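Structure record follows, encoded as C-alpha cells.
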Amino acid sequence: MIKGVIFDMDGTIVDSLPYHHKAWEIFFKHNKVENFSKKLKDYKGGGTLDLMKAVYGDKYSIKELEIMSHDKEIIFRDIYRGNIQPINGFIEFIESLKSKNILIGLASNAIRENVILTLEELNVYNYFNSIICGDEVKKGKPDPEMFNKTLESFDIDNKHCLIFEDSIEGIQGACNSGINSVGITSSSTHRILIDAGANGTIENYLNISDKLKKINLFIL
C-alpha cells in the first residue's frame, strides 16, 4: 500500500529543462566557455555547483563557483518566471493524492529559490508535506540522501513509497534508496529509464491510475 509519493521537479512535474539549457547557454557565453552543449550533455548528475566544478575544475575556489552558480540560477529564474507549466495531468494527480491523505514529497537537485518559484506559480506549494532541495543535502542524486531524508520525515517504510523521476541519476537514486520508481519520459527514453532501474515509465499524468496498473503499481 502506497502511503507516500516523492516527486522530482525539473522534467518530472514541469518541463523546465529547455529553460535551464538556455540559462546555461547565456551563462557560458557570457563567461566565454566554448562547446557548452557538449559539457551539458556529458554532465552526470548533481546540482548546479557540481556542474560548475566539472566545467572549471580547480580554476576557481568553491566560494567563487558558488557565486557563479548563483548567477546562473538568477538567469534561469528570470527567463522561466511567467512561463511555468505543469506536465499534463500533474495538478489533477497531486490533488487526488492529497484528497486521499497520501503524503507528498519533493526531492530535487534544484535550489530552494527555484523550487519556491515553481511550486508557487503552479499553486501547489502547500500540497507538499516535505520539500528537500539540492542545496540542503551533502550529496545530490544519484546519492539517495534526499530520498532517505524524505522517508524519515514521512515516517514510513520504503516499500510504502513511490518516486517519480525523469533522469537516469534520479532513478538510480531511487534504486539506491530501495524505493520503486516511475520514469517520466520528458528527457530520457523508456529504455534508458528502465535500464537505470525504473519499474515503468509514463509520458505524463493523464489517466495515471490506468498507466500505473499496467506496470503493477497501485496508488489511487
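The values are calculated or read from the model by the stated rules, or taken from the named source; none is laboratory data. Bear in mind the structure is a predicted one, so any value in this text is a computation, not a measurement. As a convention, Cβ positions derive from the backbone with ideal geometry for all residues, glycine included, and neighbour counts pool all protein chains shown.
Looking at segment 134-159, which of its residues are modelled with pLDDT of 95 or more and touching a strand residue (DSSP E or B) at 6+ places or on another chain (Cβ under 7 Å)?
Once the filter is applied, which keeps residues that are modelled with pLDDT of 95 or more and touching a strand residue (DSSP E or B) at 6+ places or on another chain (Cβ under 7 Å), segment 134-159 yields Met146, Phe147, Lys149, Thr150, Leu151, Ser153, Phe154, Ile156.
How many of the residues in segment 188-219 are surrounded by fewer than 17 Cβ atoms within 10 Å (Cβ to Cβ), within 22 Å of Ile91 (Cα to Cα) and out of contact with any strand residue (DSSP E or B) (no Cβ under 8 Å at 6 or more places or on another chain)?
6
Tell me which of these Gly46 doesn't satisfy, since it passes every other one: (1) crowded, with 18+ Cβ neighbours inside 10 Å; (2) assigned to a helix (DSSP H, G or I); (3) modelled with pLDDT under 85.
That leaves (2) as the condition not met.
Quick one: which residue in Ile2, Ile79, Ile84, Ile104 is under 30 Å from Asn158 (Cα atoms) and modelled with pLDDT of 95 or more?
One residue alone meets the criteria, Ile104.
Scanning segment 107-130 for residues that are at pLDDT 95 or above and β-branched (Val, Ile, Thr), which turns out nearest to the chain's Cα centre (by Cα)?
Out of the qualifying residues, it is Val115.
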